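Visitor: Let me begin by handing over the structure; questions about it come next.
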Amino acid sequence: WRRRSSCTLSLGLRVRCFVSEAVGEGVGDMRTFAKHWRQLSNEEKENIIFNGKNYPYLRIGHYEEMIKRSLLKKAEIAEKIFASIPQDRIKPTCKTWTLLIQANVNDRNITRALQLTDLMKENNIPPNAYTYNCLLLGYIKQRKFHMIQVIKEKMKEEKIPFGVISYSILIKGYMDCRMIAKAEETLQELHQNGMQANRVTYTSMISGYIKGGRLDKALKLFDQMGELKDTFVYNALIDGLMKKKEFDKASQLIDQMKLRGLSPDIDTMTSVISGYVKHGRVKDAAELLEKTKSTMKPATWMYTSIIGGFANQGHFEKAKEYVNELIEVCGASVAAPGFNAILAACIRNNRFHLATDLLEDMELQNVPHDEITYNTLIFGFVKTKQPELALECLESLRASPFRISLQAFTPIMDYYLKQNRLSAAMKLLQEVIGEGLVPDQYIFVRLTQACWREGNVNILDQLLYNMEKFSVPYNHSICEAIMRTCARGKVDSNTVLSYFRSFPSNLKFTSDFVLFVTEILTKHSDTASLTNFVRLLKDSPQCPKDVRVAVEEHTKAQCGDKES
């Protein structure tokens with residue numbers, strides 16, 4: 001008893017000194033420290049975390065908490081927190097490593113995420129299913145679907161089951177890319193492997209069907225769910241119905257929810273309010289918000305939708321009233337989306353003086369800028385032909401803790417292309433790739449069209465290399481721009497045919513496109529090249545007979561019967 005009392009007294013003194021230093025309180029034990037830790041702000045917690053060597057009572061859970069909080073920001077913050085762990089006395093767990101991998105995946109740095117997976121193994125910490133699911137999500141975000149099989153094989157080697165969550169990630173990824181047939185095939189594979197789809201799987205399928213305009217399939221799948229129907233699934237379908245202007249069906253589903261003993265929640269009401277606003281029924285949305293106040297505290301996005309609705313209709317004063325109400329109800333820290341909605345409407349309608357006043361109001365009311373604020377300002381500066389200020393704003397966004405997105409680069413790139421500054425636009429594309437972002441199809445359409453205007457085949461080849469690297473699909477505009485670049489750049493017929501072969505069959509074997517290529521070869525190549533092209537069409541089973549006949553008739557008209 002005496003020994004125990006002595007140890008307790010000694011420990012108590014040490015803890016008291018530590019907690020006094022850490023949080024400015026004279027406290028006595030670990031439980032008290034935990035209580036004070038919960039009361040600290042994020043900034044105070046970060047100060048303690050980054051000086052972890054001075055605080056012997058920190059545990060790995062504290063570091064994991066801070067990494068988790070940083071997931072919505074840049075990965076370098078999570079890396080900094082991880083690096084501050086005093087590994088001589090605190091060992092990172094599988095969860096710690098996985099959170100760091102997740103931070104890099106969220107920041108689109110899949111290469112670093114893979115390196116961390118290898119480092120885990122070197123530290124004798126085997127990755128688990130959650131780790132591989134994070135990597136899977138990263139590859140899907142970058143549309144590197146060919147890597148899915150690699151992940152499956154690695155999981156099989158380490159005897160980690162490819163479970164329902166992994167399948168759900170795949171299905172959501174396919175649906176987000178409008179690859180509905182592939183998602184259906186994956187769902188079928190899930191069932192064949194003796195597993196049952198969960199609510200997340202069904203919700204992803206339903207949302208994907210609605211986005212793809214297959215409302216009939218969404219409703220059919222919803223009926224098949226049976227007892228799995230919950231508020232989360234109802235919300236997904238209600239959201240889709242509101243977006244498709246199916247207001248009556250959405251109301252019927254809300255009534256059905258209530259009959260099943262489920263209460264519409266904040267997400268339900270936000271979907272309905274957003275749906276009304278999207279289709280111009282802003283007053284109906286505002287009335288519903290007033291009714292909602294009696295049953296629940298309105299969410300930030302309810303206000304933001306209504307603010308954006310009034311601002312887009314030109315009712316800026318009414319929108320500001322709702323911004324002030326948003327600050328009063330939810331606080332200034334979450335009011336940035338409301339200000340952003342008005343700011344975007346002001347810039348679209350060339351009300352730049354109002355936009356300036358709005359930025360001053362944000363500063364006066366201590367409303368912090370977020371990434372959308374920066375993106376909106378970049379768009380505004382480009383619209384007013386002030387690219388230097390747009391670039392300054394881009395640099396400020398890079399220096400901020402927010403994750404940068406394509407929306408920050410696209411307006412500046414469009415400006416360069418309108419000014420016929422293709423080299424500057426290509427330099428910006430390299431910056432996009434350097435940030436770990438995946439250029440989208442729109443960017444490649446604009447850049448290939450710029451190559452066509454200049455007849456620049458060298459830059460065109462760079463673009464096609466990047467399209468292949470990031471698995472960006474061709475569309476009709478890109479295919480046409482490539483062919484026109486060849487014509488203007490006066491490339492040889494073999495190169496033209498090489499490009500043609502690389503196009504997807506559903507794009508290149510249409511009557512209009514084949515005749516368009518035939519015209520280019522007729523004007524810029526010899527008869528032998530045209531003959532090779534006709535032979536290529538004849539040898540391609542995917543090319544419809546009517547297309548071949550049309551080419552033969554066109555060739556006869558252009559070259560004469562004998563030569564054709």
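The values are calculated or read from the model by the stated rules, or taken from the named source; none is laboratory data. Keep in mind the model is a prediction, meaning the values are calculated, not measured. All Cβ positions, glycine included, derive from the backbone under ideal geometry; neighbour counts span all protein chains shown.
Visitor: Is there a residue being more than 25 Å from the chain's Cα centre (by Cα), more than 24 Å from residue 166 (Cβ to Cβ) and not in a loop (DSSP other than H, G, I, E, B) anywhere in the range 115-125?
Guide: Yes, the range 115-125 contains a residue that is more than 25 Å from the chain's Cα centre (by Cα), more than 24 Å from residue 166 (Cβ to Cβ) and not in a loop (DSSP other than H, G, I, E, B).
Residue-by-condition table, conditions (1) within 20 Å of the chain's Cα centre (by Cα); (2) in a helix (DSSP H, G or I); (3) within 25 Å of residue 480 (Cβ to Cβ):
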position	(1), (2), (3)
396	no, yes, no
417	no, yes, yes
420	no, no, yes
431	yes, yes, no
449	no, yes, yes
462	no, yes, yes
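Visitor: Let me ask something else about it. Answer yes or no as to whether residue 170 is within 17 Å of the chain's Cα centre (by Cα) and modelled with pLDDT under 90.
Guide: No; evaluated as a whole, the condition is false for this residue.
Visitor: Continuing with the same structure: Within the range 438-461, does at least one residue satisfy the condition of being without any contact (Cβ under 8 Å) to a residue 12 or more places away in the chain and either within 22 Å of residue 140 (Cα to Cα) or surrounded by 20 or more Cβ atoms within 10 Å (Cβ to Cβ) (or both)?
Guide: So far as the range 438-461 goes, no, none of its residues is without any contact (Cβ under 8 Å) to a residue 12 or more places away in the chain and either within 22 Å of residue 140 (Cα to Cα) or surrounded by 20 or more Cβ atoms within 10 Å (Cβ to Cβ) (or both).
Visitor: Looking at the range 275-316, which of its residues are in contact with an Asp or Glu (Cβ under 8 Å, 6 or more places away or on another chain) and either hydroxyl-bearing (Ser, Thr, Tyr) or on the phi > 0 side of the Ramachandran plot (or both)?
Guide: 276, 303
Visitor: Could you list, in sequence order, all residues of the range 351-375 that are over 17 Å from residue 407 (Cα atoms) and touching a helix residue (DSSP H, G or I) at 6+ places or on another chain (Cβ under 8 Å)?
Guide: The answer is 351, 352, 354, 355, 358, 359, 361, 362, 365, 366, 367, 368.
Visitor: Right, next: Hey, among the residues in the range 468-477 that are over 18 Å from residue 542 (Cα atoms) and outside any loop (DSSP other than H, G, I, E, B), which one's farthest from the chain's Cα centre (by Cα)?
Guide: Among residues in the range 468-477 that are over 18 Å from residue 542 (Cα atoms) and outside any loop (DSSP other than H, G, I, E, B), the one farthest from the chain's Cα centre (by Cα) is 477.
Visitor: (1) assigned to a loop (DSSP other than H, G, I, E, B); (2) more than 18 Å from residue 425 (Cβ to Cβ): which one isn't true of residue 357, the others all being true?
Guide: Just one mismatch for residue 357, condition (1).
Visitor: Let me ask something else. Kindly check whether there is at least one residue in the range 231-246 that is within 18 Å of residue 285 (Cα to Cα), more than 26 Å from the chain's Cα centre (by Cα) and either surrounded by fewer than 15 Cβ atoms within 10 Å (Cβ to Cβ) or modelled with pLDDT under 90 (or both).
Guide: Within the range 231-246, one or more residues are within 18 Å of residue 285 (Cα to Cα), more than 26 Å from the chain's Cα centre (by Cα) and either surrounded by fewer than 15 Cβ atoms within 10 Å (Cβ to Cβ) or modelled with pLDDT under 90 (or both).
Visitor: Please work out which residue is surrounded by the most Cβ atoms within 10 Å (Cβ to Cβ), limiting yourself to the range 55-92 and to residues that are touching a helix residue (DSSP H, G or I) at 6+ places or on another chain (Cβ under 6 Å) and of a type in the set (S, T, N, Q).
Guide: 70
Visitor: Quick one: which of 214, 108, 199, 143 is at pLDDT below 85, more than 22 Å from residue 439 (Cβ to Cβ) and among the charged types (D, E, K, R)?
Guide: The unique qualifying residue is 199.
Visitor: Another question, if that's okay. Can you tell me which residue among 323, 334 is crowded, with 19+ Cβ neighbours inside 10 Å, at pLDDT below 90 and outside the structural domain of residue 394 (by TED's automatic domain parsing)?
Guide: 334
Visitor: Only one of 136, 119, 100, 114 is at pLDDT 90 or above, on the phi < 0 side of the Ramachandran plot and surrounded by fewer than 18 Cβ atoms within 10 Å (Cβ to Cβ); which?
Guide: 119
Visitor: Only residues that are under 23 Å from the mean Cα position of the chain (by Cα), more than 15 Å from residue 400 (Cβ to Cβ) and assigned to a helix (DSSP H, G or I): list them for the range 67-81, please.
Guide: If the condition is that a residue be under 23 Å from the mean Cα position of the chain (by Cα), more than 15 Å from residue 400 (Cβ to Cβ) and assigned to a helix (DSSP H, G or I), then 67, 68, 69, 78, 79 are the ones that fit.
Visitor: Moving to a separate point now. Take the range 436-452 and flag every residue that is in contact with a Lys or Arg (Cβ under 9 Å, 6 or more places away or on another chain) and either more than 30 Å from residue 398 (Cβ to Cβ) or at pLDDT below 95 (or both).
Guide: Of everything in the range 436-452, those that are in contact with a Lys or Arg (Cβ under 9 Å, 6 or more places away or on another chain) and either more than 30 Å from residue 398 (Cβ to Cβ) or at pLDDT below 95 (or both) turn out to be 436, 437, 438, 452.
Visitor: Let me ask something additional. Hey, any hits in the range 408-423 for a residue that's on the phi > 0 side of the Ramachandran plot and either in contact with a Phe, Trp or Tyr (Cβ under 8 Å, 6 or more places away or on another chain) or buried (at least 20 other Cβ atoms within 10 Å of the Cβ) (or both)?
Guide: no
Visitor: To continue, here is another question. Which one of these is in contact with a helix residue (DSSP H, G or I) (Cβ under 8 Å, 6 or more places away or on another chain), outside any helix (DSSP H, G or I) and not polar (S, T, N, Q): 378, 404?
Guide: From the options 378, 404, the qualifying one is 404.
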